[in-house]
Every structure is written in structure tokens, then in C-alpha cells.
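Please read the structure below before turning to the comments.
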Amino acid sequence: TESPSRLRDRIEAQFGVPTRIVGAVVQVAPSDPPAFLSTLYEAMGSRIRSATIRTPTLEDVFMVHAGGSPEDRRERVLARTEETEGQA
């Protein structure tokens, strides 16, 4: 199977739906999950190990509106801080 980042890139390019990677999992947020899942398996069946449909969590909603999880934002701030310290 493909790496999560390659699979995410293929899904975004082919279907234009929001995705994110959590660990080794590619999460997708289509408007009609059951229909999308069927289409996704038809297009990429051998690249998918498993799929689950679930109700969005509060964190999922935050991700849509804020553009990243609190952990993602913290990591970006730490990376920028390390970058700045390395230039000093």
C-alpha cells in the first residue's frame, strides 16, 4: 500500500475533498460519506487497508474552521522558534 501522504495527495487531486493525516491514517471529510466511500474503493481499492465512517468530533469541526489542530499549531510555532534560534 502507499504511504499516507501519497494516498492523501491522490485523494485530494482526484476528488478535491479535505483530508488530513493522523498517524498512519488519512482522514477524509466528504459531504456524502457513504457515496464517497463507494467511489473511493472503486478508484483506489488496492491502496486502502480499511475505511470507517464516523460522526465528526469537535476537533474535526475545529480543524475545518481553524485550518489545523491545536497540536499542529503548537508544532508549527515550535518549528518557527527553532528556526529563528538557529539563525541567531
Of the residues in the range 10-21 that are of a type in the set (D, E, K, R) and touching a Ser or Thr at 6+ places or on another chain (Cβ under 9 Å), the one that is surrounded by the fewest Cβ atoms within 10 Å (Cβ to Cβ) is 12
Applying the selection to the range 1-40, what residues are of a type in the set (D, E, K, R), within 24 Å of residue 65 (Cβ to Cβ) and in a loop (DSSP other than H, G, I, E, B)?
32
Residue hits (the range 31-88; among the hydroxyl-bearing types (Ser, Thr, Tyr) and modelled with pLDDT under 85) are 46, 55, 57, 69, 81, 84
In the range 22-67, which residues are surrounded by fewer than 13 Cβ atoms within 10 Å (Cβ to Cβ), free of Cβ contacts under 8 Å to residues at least 40 places away in the same chain and of a type in the set (S, T, N, Q)?
31, 38, 50, 52, 55, 57
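The values are calculated or read from the model by the stated rules, or taken from the named source; none is laboratory data. The structure displayed is predicted, hence computed values, not measured ones. Note that each Cβ is placed from the backbone with ideal geometry, even for glycine, and that neighbours are counted across all protein chains shown.
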